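K.L.:
Pasting a structure below so you can have a look.
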Amino acid sequence: MDQMKRAYELLAQWKGDSYVHGLGVLDQVGPLAAQFGKRALVVSNTTYMKPVADRVVEYLKAAGVELAGGVIAPDAKPNAPREDVYRLESYILHTKPDSIVVIGGGSSIDAVKAANALAALGAKVTPEIDHYFGTNVVSDALASTKTTLLPVIAVQTSASSGAHLTKYSNITDPVVGQKKLIVDNALVPTVGLFDYETTVSMPISVTIDGALDAIAHTFEVFCGAKEASYQKALEIAECAISLVAEYAKVLVDNPKDVKAREAIGLATDLGGYAIMIGGTSGAHLTSFSLVDIVSHGTACGIMNPYYAVLYSKAIQKQLKVVGSIFATYGFGPSVENLEGKELATAVATAMIAFSKSIKAPSKLSDLKGFTEGHIARALAAAKDPQLEMKLKNMPVPMTKDDVDAYMEPLLRAAATGDLSLIKEM
């Protein structure tokens with residue numbers, strides 16, 4: 001099967017005309033923004049992303065759309081620190097745009113999503129970002145105050161989180177090094193645009209992070225899929241993981257390979273699709289406590305093999321599918337005749353081999369700055385009610401009372417690379 005063609009078909013079924021993507025499509029940003037008015041607040045990095053930002057501004061001008069405030073608002077730092085959300089809220093309130101065009105990766109888009117909500121609701125509900133963490137808090141506040149958000153055109157430039165397509169906004173408190181989550185359909189960008197050619201200039205570390213994020217999103221959703229969503233989660237996971245397994249190493253060896261860029265971009269977009277039909281779980285939860293030492297996708301990439309063993313009894317069908325994909329591309333042996341923990345261990349070992357093939361870390365002790373404090377932080381976060389959704393999304397739902405018994409041994413395993421330390425649920 002042509003997995004790239006299949007990816008385009010799946011994304012078209014999902015997003016229709018609300019998503020513009022492919023090679024050479026950046027010029028469509030002007031007409032898209034013009035639908036919403038003549039003044040757009042543009043948010044972007046203006047150092048290494050300046051060539052893309054300049055092109056976007058020219059396309060906007062050609063369509064009769066001017067810069068609200070006359071300047072490009074600086075984007076968010078990695079992991080969308082909360083102070084950047086408040087700063088972007090100020091830009092929105094002061095420039096009073098008709099729409100927001102955000103150019104960048106997941107952190108910038110997530111920060112704009114949250115800032116847009118704060119600008120609309122801050123004076124009517126509360127200006128404190130903490131209030132909006134959790135599920136559907138923004139939608140409930142919009143409904144009760146009869147308020148609407150500004151249209152957002154999300155111009156993705158990095159094959160990563162799928163933030164330009166999804167309802168998630170990950171925001172970090174850098175003081176404690178902890179990430180929290182807003183989950184709300186109201187935050188889905190009005191229009192997404194991704195010209196896969198713009199990722200050619202991305203550092204190789206970003207490419208690796210995106211490849212691992214695509215696997216994490218699709219694998220976690222597939223493992224936790226209920227009967228109603230299982231078949232779609234299977235289709236998405238097969239397509240995305242196959243694209244990553246085939247093309248990620250190609251990009252590591254030749255970062256300018258445009259076809260491989262397109263493939264990884266499609267895979268991360270499918271990751272966005274996956275998290276809109278199901279939820280991520282353990283690996284994502286742990287990644288929120290590692291924000292000070294590693295990027296998000298890489299953190300999930302480290303953790304998922306270990307969680308695969310934890311969930312082993314509940315995900316045998318999924319492990320057969322994923323193990324077969326990795327075996328097809330030379331990562332691990334055939335899993336056809338394996339079952340139980342032996343199957344889970346084989347798939348986990350294949351996932352680790354894949355990570356090593358693209359020069360990614362495969363255990364927590366590989367990370368510079370990893371300490372015992374990160375394990376303590378991850379265990380505490382797992383018991384936080386605002387992150388409870390991740391425990392509930394697990395293939396075997398966990399409660400806060402299970403965290404010390406099962407998650408601590410798992411974190412010890414991930415720290416050392418010793419899969420035998422994991423207690424199956």
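K.L.:
Quick one: what pairs do we get from segment 280-294, first residue over 17 Å from residue 169 (Cα atoms) and without any contact (Cβ under 8 Å) to a residue 60 or more places away in the chain, second among the aromatic types (Phe, Trp, Tyr) and buried (at least 24 other Cβ atoms within 10 Å of the Cβ), C-beta under 6 Å, 6+ apart or different chains?
P.N.:
none
K.L.:
Same structure, new question: Sort out which residues of segment 80-121 are open to solvent by less than 10 Å² (accessible area, probe 1.4 Å), in a helix (DSSP H, G or I) and in contact with an Asp or Glu (Cβ under 6 Å, 6 or more places away or on another chain), and write them in order of number.
P.N.:
108, 111, 115, 118
K.L.:
Here are some conditions: (1) open to solvent by 10 Å² or more (accessible area, probe 1.4 Å); (2) at pLDDT 95 or above; (3) touching an Asp or Glu at 6+ places or on another chain (Cβ under 6 Å). Residue 295 meets all but one. Which one does it not meet?
P.N.:
Exception for residue 295: condition (2).
K.L.:
Something else now. Got a number for residues in segment 1-31 being in a helix (DSSP H, G or I) and either of a type in the set (Val, Ile, Thr) or open to solvent by 20 Å² or more (accessible area, probe 1.4 Å) (or both)?
P.N.:
17
K.L.:
What are the pairs with Cβ atoms under 9 angstrom where one residue, in segment 381-400, is polar (S, T, N, Q) and the other, located anywhere, is assigned to a helix (DSSP H, G or I) and open to solvent by less than 30 Å² (accessible area, probe 1.4 Å)? Sequence gap at least six, or different chains.
P.N.:
Cβ pairs passing all conditions: 393/220; 393/221; 393/224; 393/282; 393/284; 393/285; 399/391.
K.L.:
So for segment 108-117 (the condition being free of Cβ contacts under 8 Å to residues at least 40 places away in the same chain and within 17 Å of residue 190 (Cβ to Cβ)), does at least one residue qualify?
P.N.:
yes
K.L.:
Kindly check whether there is at least one residue in segment 227-238 that is on the phi < 0 side of the Ramachandran plot, out of contact with any Phe, Trp or Tyr (no Cβ under 7 Å at 6 or more places or on another chain), open to solvent by less than 10 Å² (accessible area, probe 1.4 Å) and assigned to a helix (DSSP H, G or I).
P.N.:
no
Listed here are the residues, each with its yes/no results for (1) farther than 28 Å from residue 204 by Cβ; (2) part of a helix (DSSP H, G or I).
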residue	(1), (2)
355	no, yes
360	no, no
378	no, yes
388	yes, yes
391	yes, yes
397	yes, no
407	yes, yes
424	yes, no
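K.L.:
Filter segment 66-79 down to residues that are part of a helix (DSSP H, G or I) and in contact with a Ser or Thr (Cβ under 7 Å, 6 or more places away or on another chain) and give me whichever is least open to solvent (accessible area, probe 1.4 Å).
P.N.:
68
The values are calculated or read from the model by the stated rules, or taken from the named source; none is laboratory data. Every value quoted in this text rests on a predicted model; they were computed, and no experiment measured them. When we count neighbours, we look across all protein chains shown, and the Cβ atoms used for this are built from the backbone with ideal geometry, even at glycine. Heavy atoms of the whole protein, side chains included, go into the accessibility calculation; ligands, DNA and RNA do not. Shrake-Rupley method; radii C 1.70, N 1.55, O 1.52, S 1.80 Å.
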